[in-house]
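Here the structure is laid out as structure tokens; the discussion comes afterwards.
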Amino acid sequence: MKRKIRYTLLIDLDKCVGCMSCTIACKNENNVDPGIFWNRVYKVGPEGQFPNLDMFYFPKQCMHCNDPLCIKVCPTKATYKTEEGIVLVDHDKCYGCGYCTWACPYGARTKNEKKGMVEKCILCAHLVERGEKPACVVSCVGNCRVFGDINDPTSEISIYLAEHSDSAFQIHPEIGTKPSVIYLKPRKGAAKLCQSNTR
Amino acid sequence: MGSIIHKPDGGKIIKTNCFECHAKCGALCHVDSKGRLVKVEGNPEDPRNEGRMCPKGRAAINILYHPDRLNYPMKRVGARGEGKWERITWDEAMDTIYTKIMEYRDQFGPESIVNAQGTGRGTNQWNQRLGNTIGVNHWLAPGHICLAPILVTSLSTIGMVTNWEGADLDRSEVQVFWGSNQIWTEQTYTSGGVNRGRDRNVKLIVIDPNFEHPLAARADHFIGLRPGSDSALAMAWIHVIIEENLYDESFCKRWTTAPILIDSETLNPITEDKLKATGKKDTLVVWDRNTQGVQPMDDHHLKPELDPELNGYFEIVDLNGEILKVKTAWQELRERAAKMTPEKAARLCWLEPKQIYDSARMYAKAKSAAISYFQGLEEHTNSMHTIHAVNTLMMITGNLDVFGGNMWPMFWNHMLSDRLTGRPTDPKAAEKKSNPFKLYVASHPQQVFETMLTGKPYPIKMYLGIAGNPLSWSEQPENTKKALLNLDFIVVMDYFLSPTAQLADIVLPSAHWTERDYIADEQCGRWYFAQQKAVDPLYERRSDVTFIRELGHKINPEMWPWQTDEELFDFQLEPEGVTYKELKDKWIHEHTPDVEKKYEANGFATPTKKAEIYSTVFQSIGIDPLADYEEPLESPYSEPEIAKDYPYILVTGRRYPNYYHSQYRGIPYLRELAPEPRVMINEGLAEELGIKEFDNVWIESPHGKCMMKAQLTNGLHPRVISIPHGWWQGCPELGLPDYPDFIANANNCITHKKHDKNTGSPGSRSSLCQIYKA
Ligand code: SF4
Ligand code: SF4
Ligand code: SF4
């Protein structure tokens with residue numbers, strides 16, 4: 001039997017340098033309108049008193065959940081999940097009611113008022129289909145984004161995760177959405193800041 | 001297959017290089033069947049960026065097709081700066097410019113025409129050649145705040161430029177980022193080494209006043225020093241390294257000028273001719289432990305029988321039988337370092353002594369350690385001593401031109417060679433460059449502006465600026481504006497109508513890197529790349545190189561015999577034995593093999609063939625030959641009276657990953673990531689001063705002020721204020737404003753009267769200031 005593919009994105013926070021190349025790569029790859037972001041990089045900190053400080057960057061985008069809340073609330077079934085675990089919006093069906101933007105616990109979705117529909121990261125499905133990596137992964141200056149099939153133990157992402165499983169965590173696992181984005185904690189600092197999210 | 005890959009759908013992928021910063025990432029430009037550029041991404045085949053690309057590079061399409069780009073040559077029809085333009089042909093533009101140059105040159109001499117540029121990054125040699133063709137190579141550029149202090153200090157003392165791509169991060173045990181944020185500004189050759197370094201658990205030291213440096217939180221030591229106190233820190237590191245015997249004794253003895261004997265009083269070197277009749281005038285001497293006497297220093301032909309003494313005072317007898325009191329250069333360095341205890345440095349740098357001890361030991365004990373340093377060391381009024389002190393650290397620890405240390409990228413030794421920049425036709429006229437600084441490379445910008453204003457010592461009539469915006473980069477920009485307005489004729493070539501271009505009589509449209517052919521050379525490590533166009537130039541935009549070459553040819557066809565850019569590039573590449581066509585075919589060309597200790601073959605590129613801890617070049621022109629602590633000209637310690645009213649230290653020019661200097665605030669995708677100029681201020685200090693997040697505040701120095709929005713942070717010392725530079729352009733698409741009349745110009749606060757006495761660098765990163773709510 002053919003093994004099921006599950007595309008997953010790993011983000012190693014130890015290596016993210018907050019350069020926002022992922023953001024621009026995404027915008028140009030997908031022609032995202034100004035004012036709308038399919039991914040963004042947040043700066044957390046600096047916390048503490050100079051010079052004893054802590055800071056890290058936190059890139060965020062659609063989690064491509066295995067059990068997504070956005071699908072459950074969509075009245076037109078515009079939002080769907082592909083075989084490989086990519087969550088997409090069918091723009092022929094979406095009429096912009098915006099329920100999904102409320103349902104998504106990760107704030108990954110934005111309503112494009114001009115177009116009257118909801119947008120978000122598509123995990124560069126059009127590139128992945130051709131065997132390429134998502135634009136943000138290719139561009140990443142910190143090499144902190146690793147993409148691939150988590151069900152394939154020989155994939156780059158599986159190997160990377162195995163090597164760093166101690167520091168892996170997901171955002172709000174308690175909700176039960178089973179996100180396909182896995183983070184690694186920075187090796188130094190930020191421990192307290194990440195604690196609440198550790199799986 | 002070549003470097004252009006044709007796709008079945010009629011489109012193609014062009015291998016080329018980005019030009020949005022100096023470092024020139026390998027890029028893949030995707031062009032569709034209609035000839036439109038549709039995607040720009042990193043080229044994994046570039047051994048430096050390996051496919052990675054920063055936001056600026058990724059935004060190349062947005063820059064290429066931006067509606068505000070200059071598209072045609074235009075001439076001014078209204079009053080200066082009024083904004084009334086009329087489109088003209090290139091022929092008319094070229095004829096007018098040529099005629100003006102010839103007129104002014106005949107009437108007022110070649111010194112009356114100023115060739116100018118901005119960052120250069122690939123046209124330095126051609127702009128200089130144009131200057132030499134006109135007769136006086138003013139080369140008006142922001143060199144005094146970027147590149148020149150490091151270039152001249154390093155080339156004179158160690159014969160190489162060893163920061164930037166020289167820092168061999170990928171093989172180092174310890175990585176030091178000292179006043180350098182190159183993971184944002186030149187990630188091309190920085191990110192690979194840093195990223196793999198994280199995997200290798202490399203030790204990391206970040207020396208920077210700003211904890212919001214993207215690597216600070218990951219560092220083993222974050223040294224948040226007082227801006228401008230770097231020379232004190234470097235001397236304290238030298239102190240620890242010498243006191244604790246952590247230096248590379250053999251390298252210091254054999255490969256540096258540390259053991260040379262110098263006069264104990266004057267510090268002048270003792271030469272062999274002073275000691276014996278047959279002695280040579282330029283042979284330096286050492287105290288040999290084997291013979292217990294004075295011996296000529298060897299050069300790169302090391303003499304194994306020689307064992308130079310590093311330490312001590314000696315009395316030696318000269319030619320006339322008189323006793324000379326001498327010591328080794330090392331002894332002098334040691335005494336200077338002895339004065340800078342880590343405790344004293346901690347007070348000067350606002351640090352803890354333990355941070356200094358620990359970080360110095362970490363650097364010196366590593367098998368190899370690389371220092372990435374940059375403008376954080378240059379933009380101070382003490383840059384020469386600071387840079388020489390940091391270079392001295394590399395020398396005494398033997399980290400020079402070794403794998404994992406600071407290597408020798410050879411291109412820098414050739415970039416400004418006479419072969420490329422052309423010798424001035426009239427050497428006497430060429431001396432009319434105006435430059436009061438011994439270690440500055442061309443006419444010093446502030447000297448030129450002064451000459452423009454006063455007409456002394458000669459009249460300046462014309463400014464010819466190619467890809468430069470001095471109304472943004474110069475100290476006291478209003479003064480610069482007055483100076484330019486004093487001229488008869490101004491030509492500016494650029495992508496956009498910059499504040500400087502707005503003053504022009506003729507503006508010319510520059511082609512973007514995706515629409516022009518260049519060679520990627522500077523900051524490209526061991527390689528040349530064919531930085532070839534992906535699309536034909538849009539409208540009537542032209543490559544800067546084409547313009548310079550054609551103008552040069554009109555003035556002096558002998559100096560510019562080339563009919564095409566390709567022929568010009570062939571000339572540059574001649575020593576490599578490749579033509580531009582061949583380079584284009586293969587895209588990448590290795591010009592230097594990956595070898596360390598290149599100095600073993602012919603020594604260092606210095607007069608002594610040694611790495612000059614004691615600089616014979618400096619000594620010969622009356623500059624302090626050794627590293628030392630020097631206070632910035634305007635600091636709480638050098639100017640305590642001024643500091644009473646201006647108690648904070650101002651760092652201008654903090655970086656963004658999405659802008660390059662004054663470029664690209666008009667590009668929506670980039671602008672929305674950093675929509676407005678913001679001043680970083682410590683949270684506690686802001687509270688004390690009643691300043692809240694997003695308040696408009698004035699940042700004021702004794703020399704001027706600018707207004708920005710407050711950004712509160714814990715990442716700065718309560719006495720340090722940090723502001724960005726380069727804000728002029730608006731972004732109509734996002735409804736975000738421009739900043740006319742210098743209101744947000746960081747350089748208002750920086751004086752144009754105080755510079756490092758040798759390199760001519762201003763105090764852009766260590767001036768005193770006050771801050772208050774607007
Ligand atoms: S995977 Fe593609 S769509 Fe999603 S954030 Fe990255 S670049 Fe954007
Ligand atoms: S491109 Fe990579 S390093 Fe840069 S901000 Fe995005 S995730 Fe972080
Ligand atoms: S780092 Fe420099 S060369 Fe590389 S993509 Fe960015 S601007 Fe272009």
Residues located in region B:468-485, provided they are touching a helix residue (DSSP H, G or I) at 6+ places or on another chain (Cβ under 6 Å), within 27 Å of B:Gly135 (Cβ to Cβ) and part of a loop (DSSP other than H, G, I, E, B): B:Ser474
Candidates B:Lys24, B:Lys56 - the one that is open to solvent by less than 20 Å² (accessible area, probe 1.4 Å) and within 10 Å of chain A (Cβ to nearest Cβ): B:Lys56
Any hit, region B:134-149, residues being within 19 Å of B:Ala234 (Cα to Cα) and surrounded by fewer than 24 Cβ atoms within 10 Å (Cβ to Cβ): no
Subset tally (residues that are more than 7 Å from chain B (Cβ to nearest Cβ) and either over 13 Å from A:Cys144 (Cβ atoms) or away from ligand 1 (no atom under 14 Å from the Cβ) (or both)) for region A:1-28: 11
Some residue of region B:32-55 being touching a His at 6+ places or on another chain (Cβ under 8 Å), more than 30 Å from B:Glu590 (Cβ to Cβ) and at pLDDT 95 or above: yes
All positions within region B:168-192 that are more than 22 Å from B:Asp230 (Cβ to Cβ) and more than 9 Å from every other protein chain (Cβ to nearest Cβ): B:Asp170, B:Arg171, B:Glu173, B:Thr188, B:Tyr189
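Can you go through B:Lys7, B:Lys39, B:Lys12 and tell me which one is within 16 Å of ligand 3 (Cβ to nearest atom) and without any contact (Cβ under 8 Å) to a residue 60 or more places away in the chain?
B:Lys39
A quick yes/no check of all residues on (1) open to solvent by 40 Å² or more (accessible area, probe 1.4 Å); (2) among the small types (Gly, Ala, Ser):
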{"position": "A:His126", "(1), (2)": "yes, no"}
{"position": "A:Cys136", "(1), (2)": "no, no"}
{"position": "A:Asn143", "(1), (2)": "yes, no"}
{"position": "A:Ala190", "(1), (2)": "no, yes"}
The one condition in (1) more than 14 Å from chain B (Cβ to nearest Cβ); (2) open to solvent by 20 Å² or more (accessible area, probe 1.4 Å) that A:Glu156 fails to fulfil: (1)
Among the residues listed as B:Glu50, B:Glu45, the single one being farther than 18 Å from A:Asn30 by Cβ, open to solvent by 20 Å² or more (accessible area, probe 1.4 Å) and within 13 Å of another protein chain (Cβ to nearest Cβ): B:Glu50
Residue in region A:70-80 that is of a type outside the set (Phe, Trp, Tyr), surrounded by 16 or more Cβ atoms within 10 Å (Cβ to Cβ) and closer than 17 Å to B:Leu215 by Cα present: no
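Can you confirm whether A:Glu113 is more than 16 Å from ligand 3 (Cβ to nearest atom), open to solvent by 20 Å² or more (accessible area, probe 1.4 Å) and within 14 Å of chain B (Cβ to nearest Cβ)?
Considered against the rule, which asks whether it is more than 16 Å from ligand 3 (Cβ to nearest atom), open to solvent by 20 Å² or more (accessible area, probe 1.4 Å) and within 14 Å of chain B (Cβ to nearest Cβ), A:Glu113 comes out as no.
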Some residue of region A:178-188 being of a type outside the set (Phe, Trp, Tyr), closer than 25 Å to A:Ala103 by Cα and in a strand (DSSP E or B): yes
Flag for A:Cys124 being within 16 Å of ligand 2 (Cβ to nearest atom), in contact (Cβ under 8 Å) with a residue 12 or more places away in the chain, within 14 Å of another protein chain (Cβ to nearest Cβ) and at positive phi: yes
Residues within region A:31-58 that are more than 10 Å from chain B (Cβ to nearest Cβ) and closer than 20 Å to B:Phe211 by Cβ, tallied: 2
Elements of type strands (runs of 3 or more DSSP E) contained in region B:486-548, each with 3 or more residues being under 24 Å from the mean Cα position of the chain (by Cα), at pLDDT 95 or above and at negative phi: B:489-494, B:518-520, B:527-531
Lone qualifier among A:Tyr160, A:Tyr106 - being more than 16 Å from ligand 1 (Cβ to nearest atom) and of a type in the set (Phe, Trp, Tyr): A:Tyr160
Unique residue being open to solvent by 10 Å² or more (accessible area, probe 1.4 Å), within 14 Å of chain A (Cβ to nearest Cβ) and either outside any helix (DSSP H, G or I) or within 16 Å of ligand 3 (Cβ to nearest atom) (or both) when the list is B:Asn201, B:Asn195: B:Asn201
Residue tally, condition of a type in the set (D, E, K, R), away from ligand 3 (no atom under 16 Å from the Cβ) and more than 16 Å from A:Glu132 (Cα to Cα), over region A:4-30: 4
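Given the condition away from ligand 1 (no atom under 16 Å from the Cβ), in contact with a Ser or Thr (Cβ under 6 Å, 6 or more places away or on another chain) and open to solvent by 30 Å² or more (accessible area, probe 1.4 Å), answer yes or no: does some residue in region A:55-68 qualify?
Scanning region A:55-68, I find at least one residue that is away from ligand 1 (no atom under 16 Å from the Cβ), in contact with a Ser or Thr (Cβ under 6 Å, 6 or more places away or on another chain) and open to solvent by 30 Å² or more (accessible area, probe 1.4 Å), so the answer is yes.
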Complete set of residues in region A:129-165 that are more than 16 Å from ligand 2 (Cβ to nearest atom), more than 23 Å from B:Arg218 (Cα to Cα) and aliphatic (A, V, I, L, M): A:Ile150, A:Ile159
Residues located in region B:88-123, provided they are at pLDDT 95 or above and of a type in the set (Val, Ile, Thr): B:Ile88, B:Thr89, B:Thr96, B:Ile97, B:Thr99, B:Ile101, B:Ile113, B:Val114
Pick from region A:84-103, criterion more than 18 Å from A:Ile11 (Cβ to Cβ) and within 18 Å of the chain's Cα centre (by Cα), ranking: farthest from the other protein chains (Cβ to nearest Cβ): A:Ala103
Filtered residue count, region B:217-231, keeping only those that are in contact (Cβ under 8 Å) with a residue 40 or more places away in the chain and under 24 Å from B:Gly763 (Cα atoms): 9
Selected residue (criterion: surrounded by the fewest Cβ atoms within 10 Å (Cβ to Cβ)) from residues of region B:204-218 that are touching a strand residue (DSSP E or B) at 6+ places or on another chain (Cβ under 7 Å) and facing another protein chain (nearest Cβ under 8 Å): B:Glu212
Strands (runs of 3 or more DSSP E) within region B:677-743 that include 1 or more residues open to solvent by 10 Å² or more (accessible area, probe 1.4 Å) and within 14 Å of another protein chain (Cβ to nearest Cβ): B:678-682, B:704-713
Any pair with Cβ under 8 angstrom, 6 or more apart, that starts in region B:414-432 at a residue that is in contact (Cβ under 8 Å) with a residue 12 or more places away in the chain and ends at one that is polar (S, T, N, Q) and assigned to a loop (DSSP other than H, G, I, E, B): B:Thr421/B:Asn137; B:Pro424/B:Asn137; B:Thr425/B:Asn556; B:Ala430/B:Asn137
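Give region B:170-190 a look and list any residue that's open to solvent by less than 10 Å² (accessible area, probe 1.4 Å) and either among the hydroxyl-bearing types (Ser, Thr, Tyr) or in a helix (DSSP H, G or I) (or both), or say none.
Of everything in region B:170-190, those that are open to solvent by less than 10 Å² (accessible area, probe 1.4 Å) and either among the hydroxyl-bearing types (Ser, Thr, Tyr) or in a helix (DSSP H, G or I) (or both) turn out to be B:Ser172, B:Ser180, B:Gln182, B:Ile183, B:Gln187, B:Thr188, B:Thr190.
The values are calculated or read from the model by the stated rules, or taken from the named source; none is laboratory data. Just so it is clear, the model here is predicted, and its values are computed rather than measured. FYI the Cβ positions are ideal-geometry reconstructions off the backbone, even for glycines, and counts take in every protein chain you see. Ligands, DNA and RNA are stripped out before the accessible areas are found, and what is left, the full protein with its side chains, is counted by its heavy atoms. Shrake-Rupley method; radii C 1.70, N 1.55, O 1.52, S 1.80 Å.
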